[in-house]
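I have placed the structure first, in the form of structure tokens, so that the comments after it can refer back to it.
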Amino acid sequence: MKASVTRGLLVVVTTLGCNATGTSFDKSIVQLPAWNRVGAVPWASYSRKADLRNGLHWYPAMGIGTVLADVAAAIAVPRDPTVPTQTAALLAIGHMLATARAAPNMLRAKRTDDPDSLQKALEGFTRWQTVRMGLDALMFAANLWSLASVSKREPRSGLFRATE
């Protein structure tokens, strides 16, 4: 693959990874600690109006798009940076697997008003969201490593041209 196309693909993948990681950190570091203090019933009410409405389209599109981009990069990028690109793809797939464990907890908020069940859902979602945050942070680091590997070994052209 041409250097500029490879670099462009990795810029897109890294940008998606940054977005996914930022979203994940916000959910884990800002939102969920607050919801755990406020309580499961208000969390469920909010989730029904936000995460399970607008978020029901945004989060899967972002997650699936990030996984597809990482897998495409792992397939398309030349030999040298395959370790970081393949690592990022595996971590993105790991995020999807963790989402498969987190999502039923979120969906439980839609199906019940029982405070005990909602508390278990919030705790389960928080636990799996923490796993997803860790995977996302590592995925983004691997994305940056991939981009740095390609940028270091290939001459710059076009938008990424070095000043002389």
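The values are calculated or read from the model by the stated rules, or taken from the named source; none is laboratory data. Everything numeric in this text was worked out from a predicted model, so none of it was measured. All Cβ positions, glycine included, derive from the backbone under ideal geometry; neighbour counts span all protein chains shown.
The table below lists the values:
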item	result
Residue that is nearest to Y59 (Cα to Cα) [pool: residues in region 108-130 that are without any contact (Cβ under 8 Å) to a residue 60 or more places away in the chain and buried (at least 16 other Cβ atoms within 10 Å of the Cβ)]	W128
Hits in region 57-98 - residues which are closer than 29 Å to S47 by Cβ and surrounded by fewer than 17 Cβ atoms within 10 Å (Cβ to Cβ)	H57, W58, P60, A61, M62, I64, G65, L68, I93, M96, L97
All positions within region 1-39 that are assigned to a helix (DSSP H, G or I), of a type in the set (K, R) and either in contact with a Gly (Cβ under 9 Å, 6 or more places away or on another chain) or free of Cβ contacts under 8 Å to residues at least 60 places away in the same chain (or both)	R7, R37
Meets criteria (part of a loop (DSSP other than H, G, I, E, B), within 17 Å of G22 (Cβ to Cβ) and either in contact (Cβ under 8 Å) with a residue 12 or more places away in the chain or touching an Asp or Glu at 6+ places or on another chain (Cβ under 7 Å) (or both)) for D51	yes
Candidate set: region 1-39, residues that are more than 19 Å from the chain's Cα centre (by Cα) and of a type in the set (K, R); chosen: the one surrounded by the fewest Cβ atoms within 10 Å (Cβ to Cβ)	R37
Residue check, A92 on the phi < 0 side of the Ramachandran plot and at pLDDT 95 or above	yes
Any chance P42 is part of a helix (DSSP H, G or I) and either of a type in the set (G, A, S) or more than 12 Å from the chain's Cα centre (by Cα) (or both)	yes
